[in-house]
Each structure stands twice: as structure tokens, then as C-alpha cells.
Amino acid sequence: MKKQFSLIMLMAILLLAACSNSNEEKEPEATTSEESASMDETKKELEAMKVEEDKVVATVDGKEIKGKDYNSMLVQTQLRYTMSGKDPSDKEVSKSIEEEVMDNLIGQELLLQKAKDEGFSASEEEVQTELEQIKAQFSTEDELNEALKAQGMTLDKLESQYADIVVVDKFVNEKIGKPEVTEEEMKSFYDDQFQKDAENPPPFDEMKDRIKDYLVETKTQEKVQEMKEELKQKAEIEEML
């Protein structure tokens, strides 16, 4: 089974942050003073959405979720919304982001608790193997640290997150397995996404493997969401944000 979406998205976000930093360094003249002022104002608005690092934002069956975890996921989610063309500083969008971050944090904690209760764990070797895949995407450790800093993270924090992600990934892999994707589903997706609007769409055979991976991941996340909802029904959850 492919690794969980949170892990894939985290890697994409880190790489995007690295590319953004690189572009800013190479093309500073492309930004006018007005654009710079607007960007600074937006940055301030996004920063204002953060909470105190030690603030308890929720409890899940007695386990506290702190502001530092909220802020980390907040920055990642804000960037993902920006990538999709939405303004994360917009009042309605920021509310959606807040709700999504809280839902994801609580859902992840529920899965982690369940996985640990059932005896799942991650070895240091497994965590380091995953981290090496991330590090390999950057030319230097400084580049990685800059990308992490842009997301309000550190290498130690990333390592801690990966330890939890590996545990949950092993749990989900055993409980859900790899969903089946049929040829018809792949062709239908291809027709919807590539045939309707594209003038010269890539051949289906060329996109087939990517489409299959995407559909497997989508079905997996649907099952994971169902699992989260079931766990929520049985858990004692208090939100304090």
C-alpha cells in the first residue's frame, strides 16, 4: 500500500517550500513594492491564526493536543490551500482551515492511539529509512532545514512526526490493505480528467499507472476517514480552540 496521504503531502509541501525559497532568492526583482507589502500583510494575517505553543487545543481520551502541533499542521494546510488557488487569509477560508486542522489532528490522534493499543510500533531503522527519502530530495541539509523552518518545523520534530506516521501507516495497511482499482475505473477517471478539456491529452497507457496510484490512495483515504469517524463515536473528545 502507498504511504498515507499525510506523509505524501508533507513531502510535497516541503519540496514546494524549498522551490519557493529558491525562486525568491533568484528573482527578487520580480516583486514590486506594492506586491511585497501585500504579501507581508497576508503573512501577518496567517501568522495571527496560530495559537500559543503550549496551549491545549483539544483532548482525545485524555491525551492533550498542543498548540505546537496545531500550528505545524496549520502552516501545512494554509500552503495546501494556497496551492489550490484559495486565499487562506480570507475569513471563510480561514474558518474552513481551522476546522480541517482540528479534524485532522483529532483523527490522527485517534488512529495513533488505536494503533498503539493494538501493539503497532515503529523502529528507529524504519523511521530513519523514511527520513532518508525526504533528505534525498534536497541538495543539502541547509535546504532541508530552510524548508522545514518555512513550515514551522525542525528535523527533530519531523522525525517525531514520522515515527507516528509509520505506526499509523502499518496499522492502516493491516486493517485496510490495498483497495482494488478496475480498468473501467481508471478509464473513466482518464476520460473525465484528460479527455474533456485537453486538446492533446497524454495517452491512457502513459497515465495508467499514475491514475491507479491516485485511485488506490483515494479509496484508502476514504476507508481511513470511515475508520476515524467510527473511532470518534467511541472517544471522549473536547475541543478548546
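The values are calculated or read from the model by the stated rules, or taken from the named source; none is laboratory data. Keep in mind that what you see is a predicted model, and the values were worked out from it rather than measured. Using ideal geometry, Cβ is built from the backbone for each residue, glycine included, and neighbour counts are taken over all protein chains shown. When the accessible area is computed, the model is the full protein with side chains, heavy atoms only, and any ligands, DNA or RNA have been set aside. Shrake-Rupley method; radii C 1.70, N 1.55, O 1.52, S 1.80 Å.
Quick look at the values:
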read-out	value
Net charge, Glu45 excluded, C-beta distance under 15 Å - Lys, Arg +1, Asp, Glu -1	-1
Carbon/sulfur fraction of accessible area - the range 62-153, other protein chains in place, 1.4 Å, %	42
Per-residue HN-Hα couplings for the range 59-74 [Karplus 6.51, -1.76, 1.60; θ = phi - 60°; Hz; x = Gly/Pro]	10, 10, 6, x, 8, 7, 10, 9, x, 4, 6, 4, 5, 4, 6, 4
Relative packing of 161-170, 118-127, which averages over residues the other C-beta atoms within 10 Å, highest first	161-170, 118-127
Dimensionless Rg over Rh [the range 98-241; C-alpha; Kirkwood]	1.04
